[in-house]
Amino acid sequence: MIIGTAGHVDHGKTTLIHALTGIDADRLPEEKRRGMTIDLGYAYAGALGFVDVPGHERFVHTMLAGAGGIDAALLVVAADDGIKPQTLEHVAILDLLGIDRGVVAITRADLAPDRVATVAADIAALLATTSLGGAQVLPVSAITGAGIEDLRAILADLGSKPRDLAGYPRLAIDRAFVVAGAGVVVTGALAAGSIAVGDRLVLSPSGIEVRVRGLHANNQRADQGFAGQRLALNLVGAEKAAVARGDYVVAAEIHAPTQRLDMRIRLLPGAKPLRADTPMHVHIGAAHVTARIAPLAGPIGAGEGGLARAVLDHPIAALAGDRLVLRNAGATVTLGGGVVLDPWPILRGGRTPARQGQLVAPDLAALLALTRIDWAIYARARNLRPAAQTTLLAAAGGVLCGGYALTVADLDGLTSSITTTLATLHREHPELPGLAPDRLRATLPGKPPRALADAVIERARHADTLRQDGAFLSLADHRARLSPTDEALWDILQDDLVADRFRPPRVRDLVARTRMSEPLLRASMRRFARLSWLVEVAPDHFYMRAAVAEMVTMAAEIANRDGDISAGAFRDRLGIGRNLVIRILEFLDSQGVTYRRGDIRHIRADRLGKFDH
């Protein structure tokens with residue numbers, strides 16, 4: 001269990017840790033000279049690990065870097081001094097971070113025994129409305145040893161907070177240094193998962209890939225460390241200059257830096273109301289970044305809570321559920337804090353009631369009742385491995401389709417909409433073969449993303465609800481029925497268009513044969529083209545679809561033989577004039593089957609089947 005100290009400067013935090021562990025957590029020469037903690041210090045005793053933080057107001061940012069990974073707080077108040085300004089600020093910070101396990105040590109009780117009861121009462125009143133309300137208060141003396149054993153026992157009984165052992169590894173770096181003969185070492189609290197020697201991970205937000213060469217867990221050499229422990233990792237692949245306090249060591253699956261956060265925040269009493277684009281300092285994990293904060297639904301007043309968006313000055317690694325603390329533009333006053341709800345928020349529509357409802361949905365089931373979810377983003381934001389994703393989605397009554405999570409009722413509704421739309425079309429226009437996929441997607445309710453719409457359509461095809469007829473989708477039992485006039489015309493056209501398939505007659509050449517006016521004949525032939533029976537390769541120049549597919553095959557054979565397609569080679573293969581060949585090749589260019597560089601064309605292998613249906 002990792003315990004973090006808190007309290008005013010010179011109230012004996014470091015001395016108390018020395019009494020509990022026998023270790024002096026002040027490691028810097030400057031700390032020894034000045035007799036005060038400047039940077040984070042660490043000490044271990046059995047199952048207990050301590051993070052010693054500075055108490056001076058100038059080093060609150062350092063205190064915050066150490067507070068994010070602790071299980072419990074050891075609040076220190078000197079009996080002869082009582083509650084002081086940094087006591088108040090540290091208590092507010094612990095409350096904003098949701099630290100709900102802790103003990104209060106009234107130090108120097110031997111120097112002012114007559115003040116212990118008064119200080120204890122003041123502390124109880126201060127903590128009453130915070131997450132540490134009801135925390136046990138114990139007078140101690142690091143000099144005489146009074147109360148130290150009792151304090152050690154109480155701390156051991158607190159128990160660690162629940163940890164995400166199943167997630168991908170995620171360690172918040174609070175120190176980085178170089179060890180001679182070993183290289184770069186980083187330390188921090190492992191927030192989730194486990195890390196073993198040999199693991200390949202990523203520094204986030206930089207994206208540098210690293211390998212774990214060695215590992216210490218809670219100051220002991222180990223082969224593997226687990227969530228809740230403080231680890232020291234010897235990394236291969238990164239220089240010291242590339243690592244900074246506030247970076248994370250993570251699995252590649254959750255490396256996704258962000259410069260925007262949607263969050264739920266609470267301002268402390270006395271803070272100025274939060275208005276749009278308020279400059280602040282954001283402390284999250286061990287990171288410290290400047291940002292502009294804006295409420296998502298009107299100003300948030302002192303002592304009030306609400307939804308807000310932070311636009312950060314540089315990227316950080318953050319996930320949903322991360323706690324944060326907000327300080328003023330001068331980094332001198334703590335203003336409030338909160339929790340990240342969405343680390344990759346939408347750019348537009350963040351202020352709409354619908355979006356705000358989604359942000360405050362209490363669980364996945366409630367969220368699915370409001371919207372469809374891009375599941376990869378949702379799972380990454382919550383550090384869910386595949387097994388946990390499956391369990392969570394099933395418990396919420398959701399299903400996956402096209403990468404989106406939605407309710408079964410919603411999925412059934414989309415499928416029903418497809419069948420209803422096509423049934424209506426077939427009833428009112430039996431001569432039409434169906435709808436093109438783009439047109440069918442546009443009819444679906446709620447404007448589903450393309451990937452979801454395509455997956456719903458494909459699902460219906462596999463269930464034999466839909467049938468693909470050329471470029472069109474129809475209900476499985478639908479067959480286009482032509483009018484008697486069009487049926488007779490089609491019989492005539494097939495004979496004429498197939499007779500010289502690579503050089504078919506143009507519309508004007510068919511007028512006498514069909515005994516129709518040119519405009520009416522053109523309209524009918526374009527109707528057949530919409531049915532995917534004909535292809536208008538050039539204005540008024542219609543080919544049978546099978547003939548176009550055959551020409552594509554010939555072009556591919558020429559490309560395989562010669563490495564490219566020249567107009568001359570294509571002309572010789574088709575046995576037609578150059579002018580018509582150029583029109584055909586230009587049509588294939590426009591359809592993406594070929595592409596041109598100078599006078600030479602190349603085939604696109606992925607488009608060879610475009611006219612096969």
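The values are calculated or read from the model by the stated rules, or taken from the named source; none is laboratory data. Predicted model, so just to flag it, every value in this text is computed and none were measured. With ideal geometry, Cβ positions are generated from the backbone for all residues, glycine too; neighbour counts draw on all protein chains shown.
Being farther than 20 Å from V311 by Cα, basic (K, R) and part of a loop (DSSP other than H, G, I, E, B) is the filter here; which residues of segment 342-390 pass it?
Across segment 342-390, the qualifying residues are R372, R382, R385.
Mind checking which residues of segment 459-489 are touching a residue at least 40 places away in the same chain (Cβ under 8 Å), part of a helix (DSSP H, G or I) and either within 26 Å of the chain's Cα centre (by Cα) or more than 27 Å from L534 (Cβ to Cβ) (or both)? I'd like the intermediate steps shown before the answer.
Looking only at segment 459-489, we keep the residues that are touching a residue at least 40 places away in the same chain (Cβ under 8 Å), and these are 459-460, 465-466, 468-475, 478, 480-483, 486.
Of the ones still in play, those that are also part of a helix (DSSP H, G or I) are 459-460, 486.
Passing the criteria: R459, A460.
Quick check: is even one residue across segment 293-305 more than 20 Å from Y378 (Cα to Cα) and in contact with a helix residue (DSSP H, G or I) (Cβ under 8 Å, 6 or more places away or on another chain)? Steps first, answer last, please.
So the first thing to find is which residues in segment 293-305 are more than 20 Å from Y378 (Cα to Cα), and the list is 293-305.
Restricting the remaining residues to those that are in contact with a helix residue (DSSP H, G or I) (Cβ under 8 Å, 6 or more places away or on another chain) gives 296-297.
Yes - at least one qualifying residue is present in segment 293-305.
Quick one: what pairs do we get from segment 270-284, first residue within 22 Å of H314 (Cβ to Cβ), second loosely packed, with under 12 Cβ neighbours inside 10 Å, C-beta under 9 Å, 6+ apart or different chains?
Filtered contacts from segment 270-284: H281/G330.
Tell me, which strands (runs of 3 or more DSSP E) wholly within segment 247-314 include 1 or more residues that are farther than 19 Å from L359 by Cα?
On the way: elements: 248-250, 258-267, 278-284, 287-295.
Here the list reads 248-250, 278-284, 287-295.
Select, from D122, D110, D80, the only residue that is in contact (Cβ under 8 Å) with a residue 40 or more places away in the chain, surrounded by fewer than 20 Cβ atoms within 10 Å (Cβ to Cβ) and over 17 Å from G4 (Cβ atoms). Outline the logic, then answer.
Numbers: D110 fails: in contact (Cβ under 8 Å) with a residue 40 or more places away in the chain; D80 fails: in contact (Cβ under 8 Å) with a residue 40 or more places away in the chain.
Checking each option against the conditions leaves just D122.
Given the options E586, E550, E536, E557, name the one that is under 47 Å from the mean Cα position of the chain (by Cα), part of a strand (DSSP E or B) and modelled with pLDDT of 90 or more. Walk me through it before giving the result.
Details: E586 fails: part of a strand (DSSP E or B); E550 fails: part of a strand (DSSP E or B); E557 fails: part of a strand (DSSP E or B).
Unique residue meeting the criteria: E536.
What number of residues within segment 63-88 satisfy the criterion of being assigned to a loop (DSSP other than H, G, I, E, B) and at pLDDT 90 or above?
The first filter runs over segment 63-88 and keeps only residues assigned to a loop (DSSP other than H, G, I, E, B), leaving 68-71, 79-84.
Restricting the remaining residues to those that are at pLDDT 90 or above gives 79-84.
Residues that pass the stated criteria total 6.
Counting only residues that are more than 22 Å from G167 (Cα to Cα) and either in contact (Cβ under 8 Å) with a residue 12 or more places away in the chain or under 19 Å from the mean Cα position of the chain (by Cα) (or both), how many does segment 362-396 have?
Filtering segment 362-396 down to residues more than 22 Å from G167 (Cα to Cα) leaves 366, 368-372.
Keeping just the survivors that are either in contact (Cβ under 8 Å) with a residue 12 or more places away in the chain or under 19 Å from the mean Cα position of the chain (by Cα) (or both) gives 368-372.
Of the residues in segment 362-396, 5 are more than 22 Å from G167 (Cα to Cα) and either in contact (Cβ under 8 Å) with a residue 12 or more places away in the chain or under 19 Å from the mean Cα position of the chain (by Cα) (or both).
Looking at (1) over 26 Å from T62 (Cβ atoms); (2) surrounded by fewer than 19 Cβ atoms within 10 Å (Cβ to Cβ); (3) in contact with a helix residue (DSSP H, G or I) (Cβ under 7 Å, 6 or more places away or on another chain), which is the only condition I208 fails?
(1)
For (1) in contact with a strand residue (DSSP E or B) (Cβ under 9 Å, 6 or more places away or on another chain); (2) part of a loop (DSSP other than H, G, I, E, B); (3) buried (at least 19 other Cβ atoms within 10 Å of the Cβ), each residue gets a yes or a no:
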residue: I143; (1), (2), (3): no, yes, no
residue: A146; (1), (2), (3): yes, yes, no
residue: I154; (1), (2), (3): yes, no, no
residue: D157; (1), (2), (3): no, no, no
residue: A166; (1), (2), (3): yes, yes, no
residue: D174; (1), (2), (3): yes, no, yes
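For segment 325-345, which positions are buried (at least 18 other Cβ atoms within 10 Å of the Cβ), more than 18 Å from the chain's Cα centre (by Cα) and of a type in the set (A, V, I, L, M, F, W, C)?
Selection gives V325, L326, L335.
Looking at this structure, is A244 among the hydrophobic types (A, V, I, L, M, F, W, C), surrounded by fewer than 18 Cβ atoms within 10 Å (Cβ to Cβ) and either out of contact with any Leu (no Cβ under 8 Å at 6 or more places or on another chain) or assigned to a helix (DSSP H, G or I) (or both)?
On the way: among the hydrophobic types (A, V, I, L, M, F, W, C): yes; surrounded by fewer than 18 Cβ atoms within 10 Å (Cβ to Cβ): yes; either out of contact with any Leu (no Cβ under 8 Å at 6 or more places or on another chain) or assigned to a helix (DSSP H, G or I) (or both): yes.
The answer is yes for A244.
Go through segment 230-248 and report how many residues are in contact (Cβ under 8 Å) with a residue 60 or more places away in the chain and over 14 Å from G198 (Cβ atoms).
Residues flagged as in contact (Cβ under 8 Å) with a residue 60 or more places away in the chain and over 14 Å from G198 (Cβ atoms) within segment 230-248 amount to 9.
Which residue out of I584, I558 is buried (at least 20 other Cβ atoms within 10 Å of the Cβ) and either farther than 28 Å from D491 by Cα or of a type outside the set (G, A, S) (or both)? I'd like the intermediate steps shown before the answer.
Values: I558 fails: buried (at least 20 other Cβ atoms within 10 Å of the Cβ).
From the options I584, I558, the qualifying one is I584.
Applying the selection to segment 522-533, what residues are in contact with a strand residue (DSSP E or B) (Cβ under 8 Å, 6 or more places away or on another chain), buried (at least 17 other Cβ atoms within 10 Å of the Cβ) and outside any loop (DSSP other than H, G, I, E, B)?
M525, F528
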